[in-house]
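> Pasting a structure here, questions to come.
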Amino acid sequence: MNDWQPKITTFLCNWCSYGAADLAGVSRFQYPPYFRIIRVPCSARVSPKFILAALRHGADGVWVSGCHPGDCHYLEGNYYARRKFALLKGLLEHVGIEPGRLHFSWISSAEATKFADVAKGVAAEVKALGPARHFIKARAEVA
Amino acid sequence: MREYTEKIKEIAARLLKEGKIDVFIGFKKGSVPMMNEPAIVAAAEKANELFWDSNCGVNLCNYLTKRTDRIGIVANGCTSRNIVTHIIENQIKREQLYIVGVPCTGMIDQRAIKRAFKDKEILEAEEKDGQIIVKGKDVEEAFEKKDFLQRNCAVCLHRNPVIYDELVGEKVPEQQDMEAFKDVKKIEAMESEDKWGFFTRMISPCIRCYACRNACPLCYCTTCFVDESQPQWVGKSIDPTDTMTFHILRAYHCAGRCTDCGACERACPMGINLRQFTKKLNKDALELFAWEAGLSEEQRPPMDVYKVDDYNDFVK
């Protein structure tokens with residue numbers, strides 16, 4: 001079981017967290033290699049459908065990261081995103097998705113150390129939960 | 001609530017005669033007992049068809065969406081809150097509406113009555129003085145209405161209409177000291193595994209007929225996410241994951257908008273307790289954003305605004 005490597009779908013805002021990931025790489029900060037990064041223009045671009053789709057396709061965890069409140073490139077996108085995710089996280093955990101599978105963070109493009117730290121934390125929490133067992137579409141998608 | 005019928009007929013006939021409205025939306029007696037059907041009346045002579053008792057659980061707000069004529073509509077507490085939601089979401093204009101407010105004492109859960117009647121065929125049901133008198137072949141039984149309320153009505157906090165142009169009767173006292181989110185709290189206290197088991201079992205009878213969606217006044221998108229194909233967010237089969245995806249997203253689309261009118265549960269042919277999903281969102285909207293849907297025409301809905309110091313504890 002210890003060899004098992006989780007797959008964590010990661011949505012990073014182009015203007016901050018994506019830059020932080022880049023900086024973390026350039027700076028040679030170590031963090032676990034479980035993340036499948038998808039670059040989005042803003043954390044508010046992440047629709048709840050994306051998160052559900054990730055889980056349906058077998059992601060063991062989902063992590064969404066955007067700019068700190070007040071620093072949104074589009075001025076207020078992350079404020080709306082925060083409300084959206086607060087309710088979504090509540091609902092998903094209410095129906096039985098384990099609390100450690102969904103993660104949200106605010107990381108600016110200068111915070112490469114924070115990026116590596118949060119990545120380590122997310123990875124550890126998802127790994128502790130083990131492979132996702134619920135909410136996976138086992139059968140092939142039929143249009 | 002039978003006594004409101006005459007008054008509703010009178011108001012509808014008057015409004016239509018005076019030319020104040022083009023149509024009147026209300027209920028008429030259904031062809032089977034304990035099932036009233038929505039009626040759209042366009043002529044004063046037809047106003048006699050209108051009817052009201054404790055079987056008017058369909059949310060009439062559904063028939064308002066994007067109408068352009070002048071409408072008279074019967075609205076109890078939850079329907080009036082949905083009308084407010086419609087107004088702030090620009091689905092209808094207040095000026096178009098003449099709202100006939102009905103103080104409501106709750107709708108009957110006809111499934112519970114059927115069970116209590118031991119599944120014998122109900123030929124007639126009459127409401128009198130807080131009692132439901134049910135008649136079958138050679139049997140007659142009386143039930144106390146308050147014991148057979150729809151589950152949402154039993155925990156309703158807004159029985160009186162929030163907006164109206166005219167009331168059909170005296171306002172009824174609101175229910176006091178009642179724990180509205182008892183069932184949600186019970187589930188919240190469970191372990192994740194049990195929660196998943198609970199919800200999986202709960203939706204397992206679902207046949208994906210989308211009656212819950214169609215009965216809901218909040219669902220008016222031109223293309224529903226279940227019909228989207230590129231990308232396809234949810235499969236069309238009754239695969240358990242697809243069904244769960246549908247229910248989660250359907251509920252989520254009602255976040256901060258749901259008035260707990262119970263139309264979804266009432267419409268469900270399989271008797272699924274659909275409000276368990278929306279109720280959690282209602283609870284969170286109330287706790288995190290101090291919001292109850294449909295109470296004010298001035299305030300924007302919670303997903304349309306933000307505060308700088310919103311709940312942030314879940315973010316790293």
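Rule-based calculations on the coordinates, nothing more; no lab input. As the structure is a computational prediction, the values presented were derived from the model and not from experiment. Cβ atoms come from the backbone with ideal geometry, glycine included; neighbour counts cover every protein chain shown.
> With the contact rule set at Cα under 8 Å and sequence spacing of 6 or more, what percent relative contact order holds for chain B? Let's see the in-between values first.
Working: 525 pairs, mean separation 52.8, N = 316.
Relative CO of chain B lands at 17 percent.
> Still on this structure, I have one more. State the antiparallel share, in %, of DSSP beta bridges confined to chain B, rounding to the nearest 5.
If we restrict to bridges inside chain B, about 65 percent are antiparallel.
> While we're looking at this one, here's another question. Sorted by mean Cβ packing within 10 Å, highest first, what order do the peptides B:255-265, B:182-192, B:79-89, B:29-39 take?
Packing proxy ranking, top to bottom: B:255-265, B:79-89, B:29-39, B:182-192.
> What list do you get for A:HIS73, B:HIS247 if you sort them by fewest beta carbons within 10 Å?
Fewest-to-most ranking of A:HIS73, B:HIS247: A:HIS73, B:HIS247.
> Just tell me how shielded A:78-86 is by partners: mean number of partner chain Cβ atoms within 10 Å of each residue's Cβ, no decimals.
Working: counts 2, 5, 5, 2, 7, 13, 4, 2, 12.
Across A:78-86, the average partner-chain Cβ count within 10 Å equals 6.
> Once fully extended, how much extra length lies between B:GLU193 and B:ARG115, figured as 0.36 nm per residue of separation less the alpha-carbon to alpha-carbon distance?
So the chain would gain 24.9 nm between B:GLU193 and B:ARG115.
> Ok, one more. For the protein assembly as shown, what does the alpha-carbon gyration tensor say about shape, rounded, prolate or oblate, given a ≥ b ≥ c as the root eigenvalues, a/c under 1.5 as rounded, and a/b over b/c as prolate?
It is prolate, given that a/c is not under 1.5 and a/b is the larger ratio.
> Moving to a separate point now. From other protein chains only, count the Cβ atoms within 10 Å of every residue's Cβ in B:231-244, then give the mean.
On the way: counts 4, 4, 7, 6, 7, 3, 4, 0, 5, 5, 9, 5, 0, 7.
Mean partner-chain Cβ count within 10 Å for B:231-244: 5.
> Also: So what is the relative contact order for segment A:8-129, in percent, with contacts set as C-alpha pairs under 8 Å and at least six apart? Provide the component values of the computation, followed by the final result.
Working: 198 pairs, mean separation 47.1, N = 122.
After rounding, I find 39 percent.
> Work out which trypsin sites (Lys or Arg not before Pro) in chain A are exposed loop sites (DSSP not H, G, I, E or B, at most 12 other Cβ within 10 Å) and give the longest gap free of them.
Longest site-free region, per DSSP loop and neighbour criteria: A:29-132.
> I would also like to ask the following. Extension gain B:LEU295-B:ASP138, at 0.36 nm per residue separation less the Cα-Cα distance, in nm?
Values: separation 157, 0.36 × 157 = 56.52 nm, distance 4.69 nm.
Length gained, B:LEU295 through B:ASP138: 51.8 nm.
> Quick check: net charge around B:GLU297, other residues with Cβ under 13 Å of its Cβ, Lys/Arg +1 and Asp/Glu -1? Mind dumping the intermediate values first?
Values: positive: B:ARG81, B:LYS93, B:ARG94, B:ARG300; negative: B:GLU89, B:GLU95, B:GLU298.
After counting each charged neighbour, the total is +1.
> Distance in nm between label sites at B:GLU10 and A:HIS73, each 7 Å beyond Cα in the beta-carbon direction?
Spacing of the two 7 Å Cα→Cβ label points: 6.5 nm.
> Ranked by Cβ crowding within 10 angstrom, fewest neighbours first, how are B:ASP304, B:ASP177, B:ASP119 ordered?
With the fewest neighbours first, B:ASP304, B:ASP177, B:ASP119 line up as B:ASP177, B:ASP119, B:ASP304.
> Mean separation of Cα pairs under 8 Å and 6+ residues apart, divided by the residue count of segment B:180-316: what relative contact order is that in percent?
Values: 115 pairs, mean separation 33.7, N = 137.
Across segment B:180-316, relative contact order equals 25 percent.
> Follow-up question, since we're still on this one. Could you tell me the calculated FRET efficiency between B:ASN90 and A:LYS120, based on Cβ-Cβ distance and R0 = 45 angstrom, to the nearest 0.05?
0.45
> Can you grab the distance from the C-alpha centre of segment B:8-45 to the C-alpha centre of segment A:51-130, Å, no decimals?
Between the Cα centres of segment B:8-45 and segment A:51-130 lies a distance of 51 Å.
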